[in-house]
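Participant: Dropping the structure in here first, questions after.
Derivation of every value follows stated rules applied to the coordinates shown; laboratory data play no part. A quick note: this is a predicted structure, and the numbers were derived from the prediction, not measured. No Cβ is skipped: glycine too gets one built from the backbone with ideal geometry, and neighbour counts run over all protein chains shown.
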Amino acid sequence: MKLFDPHIHMTSRTTDDYQAMADAGIAAIVEPAFWVGQPRTHVGTFEDYFLSLLGWERFRANQFGIHHFCTMGLNPKEANNARVADGVLELLPLYLEKEGVVAVGEIGYDDVTPAEERVFARQIELAKDANLPILIHTPHRDKKRGTERTLAVVREAGIAPGMTLVDHNNEETLKSVLDSGCWAGHSIYPKTKMDEPRMVALVKQYGSERILVNSAADWGVSDPLKVPKTAAALREAGVAEAAIETICWKNPIAFFAQSGRLDAAALERPLGVDQTALWEGNSVLRGQAPRRDNA
Amino acid sequence: MAETARLTEELVRANGAASLVERAGAAVMAPAGIPFRALFAGVTRRLGAAAGCTPLPPPELVSSARPHWTLADWTRLWLVLRALEHVPAVDAPALVLRTFEGGELGEQESVLRTLTLLPEPPRFTETGVAACRTNAKRVFEAIACDNPFPAAHFPDLAFNQMVMKAVFVEAPVARIEGLAARRTPELLRMARDYASERRAASRPVPSDVALILGELS
């Protein structure tokens with residue numbers, strides 16, 4: 001079964017991770033624009049970050065046979081820095097036009113401040129203008145209230161719930177997200193957020209419709225193999241193969257294909273790997289024999 | 001406030017920072033320049049072994065200063081106080097924010113610990129609130145713990161988020177100053193909701209949640 005990790009920050013992961021993900025069956029990923037562990041202090045560093053997601057990171061993923069898509073947006077943490085936020089909002093209409101950008105995200109609330117709300121609402125408008133779905137980060141602190149407010153903002157903004165993926169759900173938020181008609185993401189983490197046994201319980205209770213799982217792996221302690229591990233946990237718990245495939249492959253495709261920039265049929269075909277390829281003169285290899293699938 | 005700068009200068013001169021004070025003259029007059037920022041960055045290295053000592057605060061400052069402030073903290077405080085004398089008042093918040101943003105972890109700690117001794121401290125609330133978004137626990141603790149600034153100046157929303165983040169990053173809630181007076185119904189709700197979320201996940205509720213709720217003393 002092919003697997004899709006719809007939320008992973010590969011820019012802070014290694015080529016070993018890419019190899020392990022490919023070996024575990026991950027065939028496609030979405031890399032959302034987020035923060036990078038510490039606040040950026042210039043608009044220009046965002047622009048270079050966006051360019052790296054579209055350029056070098058996509059090339060790196062492809063070198064391991066993995067389809068790479070990304071989302072563009074200003075994350076809520078950095079939305080609180082008005083100097084940076086306004087400049088990034090100005091850039092976004094450009095970056096939302098780029099190939100392989102399948103949503104506006106991660107957007108939403110973190111501290112649930114008025115500044116976050118302004119930037120969140122503005123980006124929903126940008127998404128509507130660009131006919132893109134939105135990927136929403138929900139806060140870790142004050143999660144339940146933050147998620148309720150998130151759903152209220154989505155309702156008021158008039159974006160279709162079906163174009164909205166609300167991420168980082170838990171036992172106390174999932175029902176309201178599903179009831180709203182939005183898609184529901186779950187970040188499977190080693191210690192915090194969600195874990196595999198709890199995810200199994202949620203799937204047994206709520207089924208597979210509009211439910212996604214991801215690793216949200218980044219620069220912290222996290223695990224880029226959480227999608228395959230969750231698929232295995234679901235299988236072991238007796239969840240039907242069709243439901244597992246819906247959650248771990250078909251749902252992310254159906255959701256992000258609404259962008260019109262993700263070809264579901266192309267994802268079914270293996271991405272031929274040619275490790276002799278260079279990106280702006282750079283190879284991911286360091287003296288290894290290049291793999292060439294079609295040679 | 002010139003008095004705070006004078007007392008601070010006396011303290012740092014007496015504890016081994018005299019030569020650094022001597023060489024600061026031109027740099028502090030142009031705090032937007034690289035020489036000032038470089039001097040600020042190099043404090044710990046220039047002070048050598050003395051940087052980490054914790055001099056007793058002068059009696060006049062003892063209500064705001066804290067005994068864990070190091071000579072490096074005091075020296076950086078003195079640099080900021082002098083720099084603030086050379087920028088228009090309207091630019092003061094931006095100078096402190098930029099000094100914080102441009103700092104490595106130790107520089108950031110010094111800025112945050114000593115915010116309370118800057119002239120008209122409420123002007124620097126944005127720096128304190130921004131600091132709470134750090135991922136570095138020692139930087140977070142520099143603003144959240146053993147520091148009178150947040151309780152005195154943070155708006156409710158920022159204060160509540162800081163307290164909840166302390167639980168998340170396991171910074172000791174017991175060391176948040178002025179918590180008792182800021183224990184609003186909204187903060188209690190956030191703490192109760194978090195406890196509920198942990199129980200729903202079959203995970204233990206951190207004992208510091210009870211501290212926020214006033215169930216422990």
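The rows are residues; the columns are (1) small (Gly, Ala, Ser); (2) within 14 Å of chain B (Cβ to nearest Cβ); (3) touching a helix residue (DSSP H, G or I) at 6+ places or on another chain (Cβ under 6 Å).
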| position | (1), (2), (3) |
| --- | --- |
| A:His7 | no, no, no |
| A:Arg13 | no, no, no |
| A:Met21 | no, no, no |
| A:Gln38 | no, yes, no |
| A:Gly44 | yes, no, no |
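Participant: Hey, among the residues in the stretch B:177-204 that are closer than 16 Å to B:Glu215 by Cα and not in a helix (DSSP H, G or I), which one's nearest to the other protein chains (Cβ to nearest Cβ)?
Facilitator: Of everything passing the filter in the stretch B:177-204, B:Thr184 is nearest to the other protein chains (Cβ to nearest Cβ).
Participant: State which residue pairs qualify: first residue within 12 Å of A:Ala28 (Cα to Cα) and inside the stretch A:62-77, second residue in a loop (DSSP other than H, G, I, E, B) and of a type in the set (Asp, Glu) in any location, beta carbons under 9 Å apart, and separation of 6 or more residues or different chains.
Facilitator: Close Cβ pairs satisfying both conditions: A:Gly65/A:Asp293.
Participant: When you scan the stretch A:30-56, how many residues do you find that are buried (at least 23 other Cβ atoms within 10 Å of the Cβ) and over 19 Å from A:Ile107 (Cβ atoms)?
Facilitator: Final tally of qualifying residues: 0.
Participant: Surrounded by fewer than 17 Cβ atoms within 10 Å (Cβ to Cβ), under 21 Å from B:Asp73 (Cβ atoms) and either out of contact with any Asp or Glu (no Cβ under 8 Å at 6 or more places or on another chain) or without any contact (Cβ under 8 Å) to a residue 60 or more places away in the chain (or both): does that describe B:Pro185?
Facilitator: Judged against the criteria, B:Pro185 is not a match.
Participant: Okay, next question. Facing another protein chain (nearest Cβ under 9 Å), assigned to a helix (DSSP H, G or I) and touching a residue at least 40 places away in the same chain (Cβ under 8 Å): does that describe B:Val167?
Facilitator: yes
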